[in-house]
1. Could you check how many residues of segment 85-124 are assigned to a helix (DSSP H, G or I), of a type in the set (A, V, I, L, M, F, W, C) and free of Cβ contacts under 8 Å to residues at least 12 places away in the same chain?
2. Mind checking which pairs have a first residue in segment 338-349 that is under 14 Å from Cys158 (Cβ atoms) and at pLDDT 85 or above and a second that is surrounded by 12 or more Cβ atoms within 10 Å (Cβ to Cβ) and not hydroxyl-bearing (Ser, Thr, Tyr), Cβ under 9 Å, 6 or more apart or different chains?
3. Can you list residue pairs whose Cβ atoms sit under 8 Å apart, with the first residue in segment 125-136 being at negative phi and the second being surrounded by 10 or more Cβ atoms within 10 Å (Cβ to Cβ) and modelled with pLDDT of 75 or more? Count only pairs 6 or more apart in sequence or on different chains.
4. Looking at (1) under 19 Å from Pro206 (Cβ atoms); (2) surrounded by 12 or more Cβ atoms within 10 Å (Cβ to Cβ); (3) under 28 Å from the mean Cα position of the chain (by Cα), which is the only condition Ala79 fails?
5. Testing Thr178 on (1) more than 13 Å from Val240 (Cβ to Cβ); (2) in contact with a helix residue (DSSP H, G or I) (Cβ under 6 Å, 6 or more places away or on another chain); (3) of a type outside the set (A, V, I, L, M), one condition comes back false. Which one is that?
6. With the requirement that a residue be surrounded by 19 or more Cβ atoms within 10 Å (Cβ to Cβ) and not in a helix (DSSP H, G or I), what does segment 128-164 give you?
7. Please state which of the following conditions Ile365 fails to meet, knowing it meets all the rest: (1) touching a residue at least 24 places away in the same chain (Cβ under 8 Å); (2) outside any strand (DSSP E or B); (3) surrounded by 12 or more Cβ atoms within 10 Å (Cβ to Cβ); (4) not polar (S, T, N, Q).
8. Counting only residues that are among the hydrophobic types (A, V, I, L, M, F, W, C), without any contact (Cβ under 8 Å) to a residue 60 or more places away in the chain and out of contact with any Asp or Glu (no Cβ under 8 Å at 6 or more places or on another chain), how many does segment 245-267 have?
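The values are calculated or read from the model by the stated rules, or taken from the named source; none is laboratory data. The structure presented is a predicted model; accordingly, all values stated were derived computationally and were not measured. Cβ atoms come from the backbone with ideal geometry, glycine included; neighbour counts cover every protein chain shown.
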Amino acid sequence: MLILCNTGILCYQNTTQHRMAALGRGVATTLLRFSHLPSVNRHINTTACVLGIKSRWVAPYRKELFRRQKKMEEKGLTAVDKRSNYIEWNYDAELYAFGQRLQEEFVEETLRDALTDASYIQQEIQRQQDLGVTSPALAITSNAELAATGSTIITDYCTTYLRTALPLFPEEGIIAITEHLTSEEVLSEVGYGIGLKDLILCQEHPPVPSTTCRALQAVVGALSISSGIARAHTFVKDFVVTQLVGKDVNAIWKIEDPMDTLAGILRRSERGDPDPRLIFQSGVNTIQAVFHVGVYSDKQFIGSGYGETISEAREQAAYDALRRFFQTTDAASPMPFGREADILKLKDDANLSVQDWSVEKARNIVTC
């Protein structure tokens, strides 16, 4: 057994004290060196120690498990717990918090109806019938009527806003962008973003995109009833129209034949037909070929484009010329939001049709 002497040297304890004197100088020195070894219980302030990761395979293993779990959730192979199943769930408090998060004032009963899907009512009726109730009576209303009202409000405001923000953009493009904003995909994404997933009363969970889209439309209808049409328009501007931020409106509305469209605009403007010319080419007859084509009218440059083939470059040049006419290039002023949109005077008159668009008519349009 090792003991620590007064001199700080470890030595063996034995019944015979003469054994201690038999320790040589070399052994004593060795024991003295071992006595100064650091303690085994060291404090390691590393991420691996804090998180309990002791091997390199642990982090990739956990990432792979998380990836597989997300994939199963997307395919609907795993059950997703509803927040309403928890003990502390309070639906009335959640509805109040929903309005406060959006900084909007809702009538509680109207908001409750806006978040009640028809499938939920059918589910409750079936449940009461299974319990023996012959004629179930439910004092709740579905959001079908509110959704129709909200859909009209969203469509009308998006159309008038786009006509004002893009005064030179043809009416066909305005309609295409409005259909994009009011599509099920965009509105359901907005609904998920503002937290409707756990508030919608429906049969399935999580709600399908069509249910979420209908609930968002109903929320807009409920807001118009609770706080007025002006607050509903502000809601649509802040949450729906802002989905265009960072997106190219020219990509949403795809012109079928840009060169013919450009030729028609120039003809109505009493200008010469578009004359595409090859400006630059590189890597011809290779897989990295690139062509730069410019479009001219009356010897004046009106647009240019690049492509892997001459025909593709001609098409892109025609698109560029149309974007310059419609003032929707990358260098154009951004669409007004925030305070600029608050003072924007919306117009109800339709924009020029692409079949009637000309430079002379566009000059008489006042841009914002």
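1. 2
2. Short answer, once both residue conditions are applied: Leu346/Arg163; Leu346/His233.
3. As it stands, the answer is Pro136/Glu124; Pro136/Ile125; Pro136/Gln128; Pro136/Gln129, since those pairs meet every condition given.
4. (2)
5. For Thr178, the failing item is (1).
6. Of everything in segment 128-164, those that are surrounded by 19 or more Cβ atoms within 10 Å (Cβ to Cβ) and not in a helix (DSSP H, G or I) turn out to be Ser142, Asn143.
7. Failing condition for Ile365: (3).
8. 1
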